[in-house]
Amino acid sequence: MLDVSMFYDPYWNVRDQKYWCKMVGYGFPLTSVKLTFRKIIEQKRCNTFEAEYAAWQAEQMALQSAELI
């Protein structure tokens, strides 16, 4: 099962995650990255997290609309 717990974190966002993925790719030490953004990098999901987030968002919207019915 895909861990999406960081998507619920109010401090997490796609733009900053992309930044930190890129910085670590350039050699920035992972230990200096905030824990909020470190999980995706440690799981080597920098190339896939945007698609995962979009799918998660669509699922959340579907759940919300189902609750309204």
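The values are calculated or read from the model by the stated rules, or taken from the named source; none is laboratory data. What you see is a predicted model, and the numbers here were worked out from it, not measured in a lab. Because the Cβ atoms are built from the backbone with ideal geometry, glycine has one as well, and the counts that use them run over all protein chains shown. Each accessible area value is taken on the protein alone, full model and side chains, heavy atoms only, with ligands, DNA and RNA left out. Shrake-Rupley method; radii C 1.70, N 1.55, O 1.52, S 1.80 Å.
Figures for the structure shown
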quantity	calculated
Net lengthening on full extension, residue 61/residue 18 (0.36 nm per residue, minus Cα-Cα)	13.1 nm
Cleavage-rule hits (chymotrypsin sites (Phe, Trp or Tyr not before Pro)) in region 1-63: DSSP loop, at most 16 neighbouring Cβ within 10 angstrom	11, 26
Estimated FRET transfer efficiency when R0 is 30 angstrom, pair residue 5-residue 68 (beta carbons, to 0.05)	0.75
Accessible area in square angstrom per residue, the chain, 1.4 angstrom probe	75 Å²
Stretch gain in nm, segment residue 28-residue 44, where the contour uses 0.36 nm per residue and the Cα spacing is subtracted	4.2 nm
Accessible-area composition of the chain, carbon plus sulfur, in percent [1.4 Å probe]	59 percent
Residue among 4, 24, 49 farthest towards the positive dipole end of the chain, charges placed on Cβ	24
Theoretical ellipticity at 222 nm over the chain - DSSP helices of four or more residues, -39500 (n - 2.57) apiece, nearest 500	-18500 deg cm²/dmol
